[in-house]
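Below: one structure, written as structure tokens.
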Amino acid sequence: MPYRQFFFEKHQPVHIISRAVEEREIFKEEDNCYRFIFQLYAANVGKPALNLWRQDIIKSAKALLQGEDVSSRFIIKEHPPLVNFLDFCLVVNHYHFQLVPNSENSIPQYMKKVNGGFAKYFNLKHNRRGALFGSRYKSVPIRTDFQSDAVTRYISVINVLDVYQPGWREKGLHDWEGAFKFLEDYQFSSFPDRIGKRNSKLITPETISEKPSFEKYAESKKIYSKFVQDFLENKLTHFSSTFLE
């Protein structure tokens, strides 16, 4: 499976998107989402152990999302973390990451392990062959903290809303309160970590600084609402190069 060759600077954030072939809805089933979450964590430090039961993987993924440790029986550790996660979101047929590489070569290595490992699981489950993800993932370096904050909101808000209400970008949101409730409750994104509702093992603790407490989330809603409205009204074009589609 070929991957894009790109020079990634150590400790510089990168926005990444990878799409399934044929617009296949690989994250429509919760079991697949949990398996992918488990793969994200395992690939960062090594690989999943052999012959794992489905229920063990799901249980481990749920534990990781809630900030709990996973049994050493389930993951074979081979190296220090390849990347630090700032943000992530699973969106039915693709996913977004904002990552910080821990070495110049760590992102290509990590992406190969993530996509390859999940494709092996998915193909076995569905009795299929061939590539599951497009031959290239898209990536763009994040140069400033201002850009990083915008990409965080783009990944953790805009793309989660695509899960909540497909087509909302053209039609507008039908229920703003329902939308923000979904943002809080959707497990397969970093939004709950960003607002302090959760401390998942995927997100490196020191990568989220000065995040608002959950008690102040009501105040933050105004900020997120304005960001969504500005996005819909094309007022964020100065960030367009970092908003990957």
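Quick note: the coordinates plus some simple rules give every number you see, no bench work behind them. What you see is a predicted model; the values in this text were computed from it and never measured. Here the Cβ positions follow ideal geometry from the backbone for every residue, glycine too, while neighbour counts run over all protein chains shown.
Annotation note: GluC sites (Glu not before Pro) in the stretch 1-106 located in DSSP loop regions with a Cβ neighbour count of at most 15 within 10 Å are 9, 25, 29, 68, 78, 104.
Taking only alpha carbon atoms, the chain gives an Rg to Rh ratio of 0.94, where Rh is the Kirkwood radius. When the trypsin sites (Lys or Arg not before Pro) in the stretch 24-73 are filtered for DSSP coil states and for at most 15 other beta-carbon atoms within 10 Å of their beta-carbon, the remaining sites are 28, 73.
Please find the FRET efficiency linking residue 237 to residue 28, where r is the Cβ-Cβ separation and R0 is fixed at 35 Å, and quote it to the nearest 0.05. Given R0 = 35 Å and the Cβ-Cβ separation, E is 0.65.
If the Kirkwood radius is taken over C-alpha pairs of the stretch 61-135, then at 37 °C and 0.692 mPa s the Stokes-Einstein diffusion coefficient equals 227 µm²/s. Amide H to amide H distances under 5 Å link residue 86 with 98, 99, 100, where only residues 5 or more positions off or on other chains count and H is placed in the peptide plane.
Each distinct pair of alpha carbons in the stretch 14-140 adds a 1/r term; the inverse of their mean, the Kirkwood radius, is 14.9 Å.
Counted without the sites themselves, the longest stretch of the chain free of chymotrypsin sites (Phe, Trp or Tyr not before Pro) in a DSSP loop having at most 15 other beta carbon atoms within 10 Å is 54-245. When the charge dipole of the chain is built from unit charges on Cβ atoms (+1 for Lys and Arg, -1 for Asp and Glu) and taken about the Cα centre, the candidate among 101, 152, 39 whose Cα reaches farthest toward its positive end is 39.
For the pair residue 73 and residue 199, the difference between a 0.36 nm per residue extended length and the Cα-Cα distance amounts to 43.1 nm. Reported to the nearest whole Å, the Cα centre-to-centre distance from the stretch 7-48 to the stretch 133-169 is 14.
The tail of the calculated P(r) for the stretch 67-195, taken as Cα-Cα distances beyond 18 Å, holds 65 percent of the pairs. Say R0 is 35 Å: what FRET efficiency, to the nearest 0.05, do residue 226 and residue 92 get from their beta-carbon distance? That gives a FRET efficiency of 0.85. About its Cα centre, the dipole of the chain is roughly 780 debye, where the only charges are +1 on Lys and Arg Cβ and -1 on Asp and Glu Cβ.
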